[in-house]
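Working notes, structure below.
The values are calculated or read from the model by the stated rules, or taken from the named source; none is laboratory data. Source: prediction; values computed, not measured. When we count neighbours, we look across all protein chains shown, and the Cβ atoms used for this are built from the backbone with ideal geometry, even at glycine. These accessible areas exclude ligands, DNA and RNA; they are computed on the full protein's heavy atoms, side chains included. Shrake-Rupley method; radii C 1.70, N 1.55, O 1.52, S 1.80 Å.
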Amino acid sequence: MRAFNNSFHAGTHPQPAPKLRIAVVGAGYWGPNLARNLQASPDWDLVAICDLDIERARKLAATIGDIACVESLDELLDTFEVDAVAIATPARTHHGTVMTALRAGKHVLVEKPLADSREHGLEMVSEAQANGLVLMADHTYCYTPAVLKMQELVQSGSLGEILFVDSTRINLGLVQPDVDVFWDLAPHDLAILDFVLPGGLNPAEVSAFGADPLGTGRDCVGHLNFRLPNDATAHVHVNWLSPTKIRQMVIGGSLRTLVWDDLNPQQRLSVYDRGVSLDGQPKSTGEKASTAVSYRLGDTWSPALPEREALGEVVQELAACIRSGQEARTGGASGLRVLSVLEAVTRSLARDGQPAPVIGSAMAGTGAALEGAL
């Protein structure tokens, strides 16, 4: 009996998993946020910070503890035993940096977008799969309580059939030296849609209109449109020139409409039980056209949301996926779908807004599908 009791008590107090070791590559804008969350995480031991500007790396290290600093990724991989690297460098460097880390057998978390082209993204995802490694895009919004609730409401059918999506992300922002406003801001909204919509982000084609009124050489204002299933439509507006800051997404359904206002911490989500009534409408196109539109007026409610830092959830998910071997919610397949849309945007801009096909839009996201696409 005593042996049984000892076994029982031992089973009720499992030992915590040993910490995984990680290094941050890039100490600029986003690197400090990654380093702070990794340092605070019970899952991770942050062992080094890597940046070409060693003084910048040292300044970051001084704010979070006694962390070693190195100037190059090669030095990092030669000097430290790490399980993973978190990369926060410009998109144009992602391919080379990620491939070096993957070939060294390291799991990778990389800042959005996954890469600077779909071709590079495919190569990165293929390398990770071939070596059984986690490759995860840091689409942080997909780990926020608000977006998690949005996914729940959309995929449970609470909104009904999706009729439209209208997303706005505008502010007086920094004109980037290497990407236009679409590649800078739209990855956030595209990743959210990929996570929230039941079928993910798989438009057949997109139309994009951009403008460069400042003469910077790249679009500073942009509008993106594409079809969703069942003749629904999505519109994304991005802008570096607006004196007002708006981060809002409206998802209209046949039953309810959801409004996400990321800048309203008291009421980030609102659900409106009102809209155009589709009940009882005939099915044929001709009959629908001749049917009088009716409207439904109901209550508005706001779901209660927990307050927690999304980036803490990101680094927790990275550790969980490494330990379980599962795909992250913003894994390589999701990152590729976002890249595919961004590349189609660039092609549409070159055609003065004419629709451009999204290469790989029917990609299922499985390993077999990815291998077939290479």
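In degrees between 0 and 90, to the nearest 10, how far off the longest principal axis of the chain does helix 181-196 point, with axes built from Cα atoms?
80
Mean separation of Cα pairs under 8 Å and 6+ residues apart, divided by the residue count of the range 128-263: what relative contact order is that in percent?
34
If you count the DSSP beta bridges with both ends in the chain, what percent of them are antiparallel, to the nearest 5?
60
Using only Cα atoms, figure out Rg for the range 43-185 and give it as a multiple of 2.2 N^0.38 Å.
1.26
Would you please give the residues with an amide H less than 5 Å from that of Lys112, counting only those at least 5 places away or on a separate chain, with H modeled from the backbone geometry?
Asp138
Between Leu52 and Asp66, what length comes free when the chain is fully extended (0.36 nm per residue of separation minus the Cα-Cα distance, one decimal in nm)?
Here the answer is 3.1 nm.
For the pair Gln155 and Ile359, how long in nm is the line joining their label points, each one 7 Å along Cα→Cβ?
Between Gln155 and Ile359, the simple spin-label model gives 2.9 nm.
Mean separation of Cα pairs under 8 Å and 6+ residues apart, divided by the residue count of the chain: what relative contact order is that in percent?
Relative contact order comes out at 17 percent.
How long is the gain from Ala320 to Arg227 if the chain were fully straight, where each residue apart is worth 0.36 nm and the alpha carbon distance is subtracted?
Full-extension gain reported as 30.0 nm.
Looking at [x] 67, 50, 42; [y] 72, 71, 44; [z] 76, 44, 39, which value of Cα extents along the principal axes in Å comes from a calculation on the structure shown?
[y]
Each residue of the range 355-361 in order: what ³J(HN,Hα) in whole Hz does its phi give by Karplus 6.51 cos²θ - 1.76 cosθ + 1.60, θ = phi - 60°, with x for Gly and Pro?
Ordered by residue, 3J(HN,Hα) equals x, 10, x, 9, 5, x, 5 Hz.
Give me the angle, in degrees from 0 to 90, between the Cα long axis of helix 145-155 and the longest principal axis of the Cα atoms of the chain, rounded to the nearest 10.
Here the helix axis deviates by roughly 50 degrees.
Quick check: the angle from helix 2-12's long axis to the longest principal axis of the chain, C-alpha only, nearest 10 degrees?
50
Distance in nm between label sites at Arg103 and Leu305, each 7 Å beyond Cα in the beta-carbon direction?
Result for the modelled spin labels: 4.2 nm.
Take the Cβ-Cβ distance between Arg92 and Leu297 as r, set R0 to 51 Å, and report the resulting FRET efficiency rounded to the nearest 0.05.
For R0 = 51 Å, the calculated efficiency reads 0.50.
List the extent of the Cα atoms of the range 220-273 along each of their three principal axes, largest first, rounded to whole Å.
Answer, in whole Å and largest first: 35, 31, 10 Å.
Using packing as a proxy for protection, rank 215-228, 81-94 so that the peptide with the highest average count of other Cβ atoms within 10 Å comes first.
In descending order of packing, they fall as 81-94, 215-228.
On the accessible surface of the chain, probed at 1.4 Å, how many percent belong to carbon and sulfur atoms?
51
So what is the accessible area of the chain per residue, in Å², with the probe set to 1.4 Å?
48
Once amide H atoms are built 1.01 Å from N in the peptide plane, which residues 5 or more positions from Ser242, or in another chain, come under 5 Å H to H?
Asn171, Leu172, Gly173
What ranking of Phe209, Phe182 comes out by heavy-atom accessible area, probe 1.4 Å, highest first?
In descending accessible area the options line up as Phe209, Phe182.
Run the 1.4 Å probe and let me know the accessible area of Ile359, rounded to the nearest 10 Å².
90
I'd like the GluC sites (Glu not before Pro) in the range 129-208 restricted to DSSP loop residues with at most 13 other Cβ atoms within 10 Å, sorted by number.
Within the range 129-208, the qualifying GluC sites (Glu not before Pro) (loop, at most 13 other Cβ atoms within 10 Å) are Glu161.
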